[in-house]
Amino acid sequence: MSVLITGGAGFIGLEVARQLVARGDGPVAVFSRSPSAARLGALGDRLTQLAGDLGNFAHVLEAVRLSRPQVLYHLGAMLSVPSEADPAMAIQTNAMGSFHILEAARLFAVEKVIFASSIGTYGHDLPDVIDDSTIQRPMFLYGATKLFGEHLGLFYRRKYGLDFRAIRYPAVVGPGVTTKGAVQYTSWMIEKPAQGQPFTVWVSPDLYTPMMSLAEAARATLQLAEAPAAAIKTVSYLVDGMKPTPSAAALAEAVRAAVPGAQIDFVPNAALEEKLRGLMRPIDDGRARAEWGWLPSDSPETIVADTLARMRRGV
């Protein structure tokens with residue numbers, strides 16, 4: 001089955017590509033602003049690499065025309081901190097980029113679009129637990145653009161019959177991300193000490209952040225894509241990792257156990273933490289579990305081990 005992955009040389013996108021190639025699916029094409037050989041590594045010889053900008057409709061149309069995908073994983077986006085710093089670029093990349101992808105899918109009769117959303121689509125006045133029916137009122141521009149993408153996808157599903165599905169990730173933990181995000185400490189807390197560097201966490205030890213490993217996020221994405229169409233009722237799904245949700249302190253302890261001499265301290269950013277405490281709630285992902293069988297398998301220890309193993313392998 002032919003596949004196109006936007007953001008395919010990025011974080012989750014590259015792992016989705018890696019898992020697809022490992023099991024012999026494809027052909028697989030990746031669309032990215034700069035799909036470098038260094039980033040793709042040995043995987044580069046097994047993929048079609050298409051360079052372009054999501055904000056440029058001509059680039060998106062050409063990528064879809066060339067790859068002719070049956071399934072399009074739309075995983076490319078600007079993260080939260082860069083989006084706050086450059087709102088115009090975030091709107092062009094995240095909001096208009098999603099429109100370009102969906103319109104190209106319609107024009108070239110793509111069968112299915114899987115959209116990477118986020119728990120960042122939630123925000124103000126949240127209940128004690130969030131689920132798929134919780135009102136979405138994002139705090140950050142990143143979340144607003146992701147919510148736009150969800151609703152635009154629902155429009156294309158209703159108006160044109162496109163099999164659109166969305167997945168709302170928690171924090172995804174793994175190595176190689178260089179752009180700071182609000183909860184990127186979950187990855188850097190592992191990565192920096194493993195590189196022999198001290199790391200200062202910008203939230204309090206007792207902050208609870210829903211999270212999953214990179215491998216788990218890609219597995220959930222593929223599982224959603226492969227679910228029978230008749231099973232898809234909710235369309236846009238929350239997924240969570242381990243239960244109970246670990247605190248920053250619990251993750252730090254798992255890192256210290258796996259990386260002797262790890263230097264981790266906590267200096268909270270009060271303004272950012274106030275926003276995160278308003279956003280971070282336990283997740284009820286019962287609809288994903290009931291409708292397409294989602295079942296996480298992570299723990300703080302397995303997340304740390306997976307990240308360290310990827311660093312050793314350079315992937």
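The values are calculated or read from the model by the stated rules, or taken from the named source; none is laboratory data. Remember, it's a predicted structure, so these values are computed and weren't measured experimentally. Neighbour counts are summed over all protein chains in view; Cβ atoms, including those assigned to glycine, are modelled from backbone coordinates with ideal geometry. These area figures cover heavy atoms from the full protein model, side chains too; ligands, DNA and RNA do not enter into them. Shrake-Rupley method; radii C 1.70, N 1.55, O 1.52, S 1.80 Å.
Quick notes on this structure:
- Residues that are outside any helix (DSSP H, G or I), over 16 Å from Ile119 (Cα atoms) and modelled with pLDDT of 95 or more, drawn from segment 270-303: Gly293, Trp294, Leu295
- Which listed residue, of Ala63, Ala29, Ala17, Ala85, is within 22 Å of Gly149 (Cβ to Cβ), hydrophobic (A, V, I, L, M, F, W, C) and open to solvent by 10 Å² or more (accessible area, probe 1.4 Å): Ala85
- Close Cβ contacts (under 7 Å, 6 or more residues apart or on different chains) running from residues in segment 52-71 that are touching a residue at least 60 places away in the same chain (Cβ under 8 Å) to residues that are among the hydrophobic types (A, V, I, L, M, F, W, C) and open to solvent by 30 Å² or more (accessible area, probe 1.4 Å) comprise Val64/Phe108; Arg68/Phe108; Gln70/Met1; Val71/Met1.
- Residue identified as assigned to a helix (DSSP H, G or I) and open to solvent by 10 Å² or more (accessible area, probe 1.4 Å) among Lys180, Lys243, Lys159, Lys233: Lys159
- Note on segment 121-146: residues that are of a type in the set (Gly, Ala, Ser) and either under 11 Å from Arg281 (Cβ atoms) or touching an Asp or Glu at 6+ places or on another chain (Cβ under 7 Å) (or both) amount to 1.
- Failed criterion for Ile283 (all others in (1) without any contact (Cβ under 8 Å) to a residue 40 or more places away in the chain; (2) aliphatic (A, V, I, L, M); (3) touching an Asp or Glu at 6+ places or on another chain (Cβ under 6 Å) hold): (1)
- Per-region count, segment 63-92, residues of a type outside the set (D, E, K, R) and part of a loop (DSSP other than H, G, I, E, B): 7
- Residue match in segment 5-20 (condition: over 30 Å from Asp86 (Cα atoms), without any contact (Cβ under 8 Å) to a residue 40 or more places away in the chain and in a helix (DSSP H, G or I)): no
- Residue count for segment 183-212 satisfying the condition of being assigned to a helix (DSSP H, G or I) and either more than 12 Å from Gln263 (Cα to Cα) or out of contact with any helix residue (DSSP H, G or I) (no Cβ under 7 Å at 6 or more places or on another chain) (or both): 5.
- Count - residues of segment 269-312 that are among the acidic types (Asp, Glu) and either open to solvent by 60 Å² or more (accessible area, probe 1.4 Å) or over 19 Å from the mean Cα position of the chain (by Cα) (or both): 5
- Verdict on Ala262 being among the hydrophobic types (A, V, I, L, M, F, W, C) and either buried (at least 17 other Cβ atoms within 10 Å of the Cβ) or modelled with pLDDT of 95 or more (or both): yes
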